[in-house]
Amino acid sequence: LKCASILENRPSERGSKGNLFPLALYFIMNTAYLELNGKRYALPVLVGTQGELGVDIRDLRKNAGCVTYDPGYGNTACCRSAITFVDGQKGILRHRGYPIEWLAEHCNFLQVAQLIIYGELPNAAQYAEFDERLKACVAVHDGIFLVAQGVPCASSPMAVLSALLSALGCYHPDLSVNNREQELAQLDTLVSVLMSKVRTLAALCYRKKQGLPLIYPRPDLGYAEHFLHLFFSESSYEASPALARALDLIFLLHADHEQNCSTATLRMVGSSGSNVFACVSAAVNALWGPLHGGANVRVCQMLEAIHASGEDGSRFIEAAKSGKAPLVGFGHRVYKNYDPRAQILKKVCKTLLAQQDKADPLLEIAQYLEAKALEDPYFIERKLYPNVDFYSGILLRAIGIPLEFFPVIFAIGRMPGWIANWVELTQDDGRISRPRQIYVGQGVRS
């Protein structure tokens, strides 16, 4: 490991009583040293398999009496994980070492789900067994329908999905005992229940909201086709192979994405020993937020507003540059390059719409915005490139998914990543998550 010097010449930090705390942090081989108030503390340096560095501060508070301050945890690693690697500077996304571009071309969602959860791509026999387990688990207990019936029709689909996932654990008491050893011993069953039934619960949310009768499963259908059947069937419905593949690809591209808000929420809830049903229910609530799972909804709303204005988007770009309007779908907390998932979805959008022999004006506006932004110094200097949300909403529109159900589709796709992270956290040191704070309130009062 090459020696590196960081935070050199950093300004001193002023303490609450006015005294100066000179602070320096630098690497020497595999150890970082913190100098604080004239004392020097050695901090181990962790090195990931792709060369990324992390300073281990677990004993910092005990030894130095201080904590780090990192709102939003943008520079804090909460775990060591072998599931997903993201290099935002280079636009790289890999699951268990496989590039997302390769997986999208050669695999379907269930194969990627097995890769993420179990660590390897399945052979033909393993895939067939997995597929059969999921087909056998798609039905839910009648009591779940009663839970859904008691929810007002105007309820948010994500609120209903979270509630139903939590209730699902009640109907599988042997899988939700808050005993990791017992739950992990039945991992295959647990995976089958969640991966399969989340589609049924999502479809139940939609049909309840639309006042449609419930549809019974068809075990002969594939994963995405089965969901479309549960979601859209009335007297008859048959999804085209192109439509099913497009939805399967959306699921695949959302299967996992490192320690995002919902996954980090799942890990925090799971650190208390909570069962996986409680954890995925909490993750759905985190995903519900417009800055996370609702981002592609905001993209479509932005594109619809531009279309309604009758212009091509040029004035909107200028408004975004002046801070008068947000350009949603550009930029990412992690990516400082083109999100590889966005490139895949853009191509699928164009292909599906061409096969359906219809044009979507929102796609035309999106492509125009992208072309203008990618040649504009303002966006180039700030490394604002299209992210996965920029085209996923347009593709979901083409499939026929209503706007408010976009985050629900995201949740179905993210289920394997949530399960894999729950499994991985069970192998951690068992400490409950407990962030610290910098108290800025009143002192002692008499």
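Scanning segment 54-73 for residues that are open to solvent by 60 Å² or more (accessible area, probe 1.4 Å) and within 28 Å of the chain's Cα centre (by Cα) gives I57, R58, T68, Y69, P71, Y73. Considering only residues that are part of a helix (DSSP H, G or I) and buried (at least 22 other Cβ atoms within 10 Å of the Cβ), which ones fall in segment 283-295? Correct list: A283, V284, L287, A295. Flag: E238 does not match the condition of being charged (D, E, K, R), over 23 Å from A282 (Cβ atoms) and either in contact with a helix residue (DSSP H, G or I) (Cβ under 8 Å, 6 or more places away or on another chain) or open to solvent by less than 20 Å² (accessible area, probe 1.4 Å) (or both). The set of residues in segment 296-316 that are in a helix (DSSP H, G or I) and open to solvent by 10 Å² or more (accessible area, probe 1.4 Å) comprises V297, R298, Q301, M302, E304, A305, H307, A308, S309, S314, R315, F316.
Listed by first and then second residue, the pairs with beta-carbon distance under 8 Å, at least 6 apart or on different chains, first residue in segment 242-263 and more than 13 Å from I409 (Cα to Cα) and in contact (Cβ under 8 Å) with a residue 60 or more places away in the chain, second among the hydroxyl-bearing types (S, T, Y) and buried (at least 24 other Cβ atoms within 10 Å of the Cβ), are D256/T263; H257/T263.
A residue that is open to solvent by less than 60 Å² (accessible area, probe 1.4 Å), in contact with a Leu (Cβ under 7 Å, 6 or more places away or on another chain) and over 15 Å from L249 (Cα atoms) occurs nowhere in segment 427-446. Listed here are the helices (runs of 4 or more DSSP H) enclosed by segment 22-137 that have at least 1 residues being more than 21 Å from R436 (Cβ to Cβ) and of a type in the set (S, T, Y): 109-118, 124-136. Scanning segment 320-335 for residues that are open to solvent by less than 70 Å² (accessible area, probe 1.4 Å) and in contact (Cβ under 8 Å) with a residue 24 or more places away in the chain yields a count of 9. So A148 passes all but one of these: (1) under 21 Å from L252 (Cα atoms); (2) part of a helix (DSSP H, G or I); (3) at pLDDT below 95. Which condition number does it fail? Result: A148 fails condition (1) only. Checked against the criterion of being over 26 Å from W102 (Cβ atoms), in contact with a helix residue (DSSP H, G or I) (Cβ under 6 Å, 6 or more places away or on another chain), modelled with pLDDT of 90 or more and surrounded by fewer than 22 Cβ atoms within 10 Å (Cβ to Cβ), segment 247-263 has at least one qualifying residue. Taking the conditions (1) closer than 18 Å to I419 by Cβ; (2) touching a residue at least 40 places away in the same chain (Cβ under 8 Å) in turn, I144 satisfies each one other than (1).
Residues in segment 337-365 that are open to solvent by 70 Å² or more (accessible area, probe 1.4 Å) and assigned to a loop (DSSP other than H, G, I, E, B): D357, K358, A359.
I'd like the full set of residues that are assigned to a helix (DSSP H, G or I) and over 23 Å from the mean Cα position of the chain (by Cα), limited to segment 185-205. T189, the sole residue that qualifies.
Within segment 364-400, being over 19 Å from the mean Cα position of the chain (by Cα), touching a residue at least 40 places away in the same chain (Cβ under 8 Å) and under 30 Å from F232 (Cα atoms) holds for I365, A366, R397, A398, I399, G400. Residues in segment 204-213 that are under 19 Å from A163 (Cβ atoms) and open to solvent by 70 Å² or more (accessible area, probe 1.4 Å): Q210 alone. The residue that is most open to solvent (accessible area, probe 1.4 Å), among those in segment 85-130 that are touching a helix residue (DSSP H, G or I) at 6+ places or on another chain (Cβ under 9 Å) and under 14 Å from D339 (Cβ atoms), is E101. Among the residues of segment 266-281, not one is surrounded by fewer than 22 Cβ atoms within 10 Å (Cβ to Cβ) and without any contact (Cβ under 8 Å) to a residue 60 or more places away in the chain.
The values are calculated or read from the model by the stated rules, or taken from the named source; none is laboratory data. Since the structure is predicted, the reported quantities are computational estimates derived from the model, not experimental observations. So basically every Cβ, Gly included, is an ideal-geometry build from the backbone, and we count neighbours across all protein chains shown. Note: accessible area is taken over every heavy atom of the protein model, side chains too, but ligands, DNA and RNA are not part of it. Shrake-Rupley method; radii C 1.70, N 1.55, O 1.52, S 1.80 Å.
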